[in-house]
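Participant: Submitted below is the structure of interest, expressed as structure tokens.
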């Protein structure tokens with residue numbers, strides 16, 4: 001284990017290789033997100049891990065170059081877009097507290113009179129998507145352009161098969177959207193919001209793409225590789241704070257305890273974590289735990305912060 005600040009960057013590669021071997025027995029312990037038919041067909045034996053540093057180094061192992069459905073990780077991109085354009089007006093429509101309930105809870109939304117607890121639960125993400133549609137004339141094109149800019153990869157695209165699969169089975173999300181509409185917290189047509197939301201969640205990226213795309217959150221809102229300003233430092237700080245408290249569904253406390261980094265997960269099996277000022281790290285393993293987070297991916301990130309002694313605490 002490494003206990004001090006003197007750290008040879010090349011050791012990142014040997015560490016993630018070691019982690020990849022250590023978590024191998026966990027790959028069949030989780031369950032893929034079978035309620036989305038297109039995701040049910042993904043092999044649970046996949047595992048990838050990638051690191052991007054603010055100095056431009058990249059380290060990867062396993063299936064880090066294979067694209068997968070980002071699902072709720074994509075919510076960070078729409079949130080960054082909306083925070084930059086709307087500022088604090090966003091918080092009149094969505095809260096900033098951890099949920100403590102499943103990410104698709106109808107009960108909590110009713111209890112709180114149509115104001116979602118935070119922008120990362122599904123109801124909150126639907127509100128953010130609605131805001132993005134109000135701020136952007138071509139929301140799907142603009143979101144894709146934004147993700148491509150963050151990742152430095154002009155070939156990123158939506159997985160239309162996943163989007164269609166979600167549209168065909170996303171009845172709970174449709175219920176949430178209509179519930180929001182009944183409270184006056186959805187401005188656009190419900191079906192149009194859902195179409196954008198399902199495509200947003202289908203955004204396909206690899207671990208390498210995701211680690212690169214989140215670098216702006218490790219560097220005060222500016223991509224340290226291209227030097228493009230993605231958002232202001234104030235927004236970057238607050239997005240990291242929201243990921244720390246709300247980014248892992250209702251398992252944020254456990255993730256904070258074991259990993260100690262701001263992170264965002266998706267039911268496609270991906271998790272991205274940020275070490276401000278230093279690096280981002282993305283993992284992918286489709287088998288999920290009971291909270292909907294990658295089982296092996298969570299353990300891999302815990303091992304990473306243990307072996308490197310790097311966390312925000």
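The values are calculated or read from the model by the stated rules, or taken from the named source; none is laboratory data. This structure is a prediction, so every number in the text was calculated from the model and none was measured. So basically every Cβ, Gly included, is an ideal-geometry build from the backbone, and we count neighbours across all protein chains shown.
Participant: Among (1) outside any loop (DSSP other than H, G, I, E, B); (2) more than 11 Å from the chain's Cα centre (by Cα), where does residue 277 come up short?
Facilitator: (1)
Participant: Take the residues of segment 239-252 that are more than 25 Å from residue 162 (Cβ to Cβ) and touching a helix residue (DSSP H, G or I) at 6+ places or on another chain (Cβ under 7 Å): which is surrounded by the fewest Cβ atoms within 10 Å (Cβ to Cβ)?
Facilitator: 245
Participant: Could you run through segment 253-266 and say how many residues are more than 12 Å from residue 121 (Cα to Cα) and either outside any helix (DSSP H, G or I) or in contact with a helix residue (DSSP H, G or I) (Cβ under 6 Å, 6 or more places away or on another chain) (or both)?
Facilitator: Adding up the residues that qualify gives 6.
Participant: Out of (1) without any contact (Cβ under 8 Å) to a residue 60 or more places away in the chain; (2) in contact with a strand residue (DSSP E or B) (Cβ under 8 Å, 6 or more places away or on another chain), what's the single condition that is false for residue 159?
Facilitator: Failed condition: (1).
Participant: I would also like to ask the following. So residue 41 ticks every box in (1) modelled with pLDDT under 95; (2) under 19 Å from the mean Cα position of the chain (by Cα) but one. Which box is left unticked?
Facilitator: Unmet condition: (2).
Participant: Select from segment 50-92 the residues that are closer than 28 Å to residue 164 by Cα and part of a strand (DSSP E or B) and write down the one among them that is nearest to the chain's Cα centre (by Cα).
Facilitator: Filtering first and then ranking leaves 69.
Participant: Hey, another quick one. Which numbered condition trips up residue 133, out of (1) over 27 Å from residue 224 (Cα atoms); (2) modelled with pLDDT under 95?
Facilitator: (2)
Participant: Further question on the same structure: Which one of these does residue 79 not meet: (1) farther than 24 Å from residue 141 by Cα; (2) out of contact with any strand residue (DSSP E or B) (no Cβ under 8 Å at 6 or more places or on another chain)?
Facilitator: Evaluating residue 79 over (1) farther than 24 Å from residue 141 by Cα; (2) out of contact with any strand residue (DSSP E or B) (no Cβ under 8 Å at 6 or more places or on another chain) leaves (1) as the failure.
Participant: Looking only at residues that are within 17 Å of the chain's Cα centre (by Cα) and not in a helix (DSSP H, G or I) in segment 118-136, which one is surrounded by the fewest Cβ atoms within 10 Å (Cβ to Cβ)?
Facilitator: The residue in question is 118.
Participant: Those residues that are farther than 24 Å from residue 280 by Cβ, part of a helix (DSSP H, G or I) and touching a strand residue (DSSP E or B) at 6+ places or on another chain (Cβ under 8 Å), I need them from segment 15-38; list them, please.
Facilitator: 38
Participant: Any chance you could count how many residues in segment 268-291 are in contact (Cβ under 8 Å) with a residue 60 or more places away in the chain and surrounded by fewer than 24 Cβ atoms within 10 Å (Cβ to Cβ)?
Facilitator: 4
Participant: Looking for whichever is in contact with a strand residue (DSSP E or B) (Cβ under 8 Å, 6 or more places away or on another chain) and either free of Cβ contacts under 8 Å to residues at least 12 places away in the same chain or over 29 Å from residue 34 (Cα atoms) (or both) here; the options are 144, 210, 217. Which one fits?
Facilitator: The match here is 217.
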